[in-house]
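To keep things clear, I will list the structure first and then write my remarks on it.
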Amino acid sequence: MSEIVKQSEVLNQTVLDQGSMQEVGHVEVLWMYPKVHRVLGFICKSGWLGKKKTAFNLNQLETIGSNGVLVNSQPVETDAEKVKQLESLVGCEVWTDAGDQVGKVVDYLFDLQTGEIQHYLYVSDGWGGIVGSVYLLPPNYILRYGNRRVMVPKESVESFAVYRGGVQEKFSKVKDLLNDEKTQVTQEVRSLAEVAKEKARRLKEKARSFTEQAYEFVEEIALDETEPYVSPPSEPAPWDDWEVEPPKKQEFKPPEPQRSKTPASDVWDDDDDWT
């Protein structure tokens, strides 16, 4: 599992031999190769005024703690002149290819297992960033470098992320930890999913059974309590039983008045005398 370490946190750490637990010295400088952006080892100083120099390859470094560094084998002796000749981009000014100075490299983050430098850290001068803020500079953005300066594309400066102390160093470790646990979690999730699926299937069957039983119960109640509707018989017409057509009603006509037959002799004539 990879672990991302900040260069400045390794400097001046006490170096202990893991086998004997004897103190070997203190880390003076990390030995890096800027051309491929990789840390190859570190230089340990010891003795009076730190004049004795020894070199450790990165694969000899067992672990880095909060108080010291454990190594698993003996170092190779070197001298101060060779140490001075070691190249490093720490302290170099950062310039764009348009001639603008944007900051200064102050540190870097590297993979403890492979030595690969993940990001350089530079403090902004205010051009394309906030004055005094620390930004992440990916190694692949460095176009060229010299003893005092590095060059980056102008258009990429504003895209560099602000460095949040402590977050980036832990990110890779957390990522690897999550990847290591991903398989186990995935298997557990699959197992839980299968159990949940089986339970859902059983619940579905039970629900279906309950539904069918409820329908049957409702149908039984309907059959027991509901009588079929029978329309009442209509009353027969009075002439339904007649074999012939019903008699027609006779129309009632009132009698005509009869004139009285008076004899002609009984009629009073005004010309008759009353005498």
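Tabulated results
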{"item": "Approximate spin-label separation Glu155-Ala80, in nm, with each point projected 7 Å along Cα-to-Cβ", "result": "4.9 nm"}
{"item": "Sites Glu198 and Ile64, calculated FRET efficiency, Cβ-Cβ separation with R0 41 Å, nearest 0.05", "result": "0.25"}
{"item": "Length released on extending from Val36 to Ser20, taking residue separation times 0.36 nm less the Cα-Cα span", "result": "2.3 nm"}
{"item": "Cα-based convex hull volume of the stretch 1-132 per residue, rounded to whole Å³", "result": "133 Å³"}
{"item": "Using a Förster distance of 22 Å, the FRET efficiency for Asn147-Trp127 (Cβ separation, nearest 0.05)", "result": "0.50"}
{"item": "Estimated dipole of the stretch 1-141 in Debye, rounded to 20 [Cβ of Lys and Arg +1, of Asp and Glu -1, Cα centre]", "result": "300 debye"}
{"item": "Cα-Cα over 25 Å, subset of Lys53/Lys104; Lys104/Lys154; Lys35/Lys84", "result": "Lys53/Lys104"}
{"item": "Qualifying GluC sites (Glu not before Pro) for the stretch 50-148 [loop in DSSP, other Cβ within 10 Å: at most 15]", "result": "Glu87"}
{"item": "Percent carbon-and-sulfur accessible area, the stretch 44-112, ignoring ligands, DNA and RNA, probe 1.4 Å", "result": "47 percent"}
{"item": "Relative contact order of the stretch 1-108, defined on C-alpha pairs under 8 angstrom at six or more residues apart (%)", "result": "22 percent"}
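The values are calculated or read from the model by the stated rules, or taken from the named source; none is laboratory data. Remember, predicted model here, so these are calculated numbers, not experimental data. Backbone-built Cβ (ideal geometry, glycine too); neighbour counts: all protein chains shown. Side chains are part of the model used for accessible areas, which takes the heavy atoms of the whole protein and leaves out ligands, DNA and RNA. Shrake-Rupley method; radii C 1.70, N 1.55, O 1.52, S 1.80 Å.
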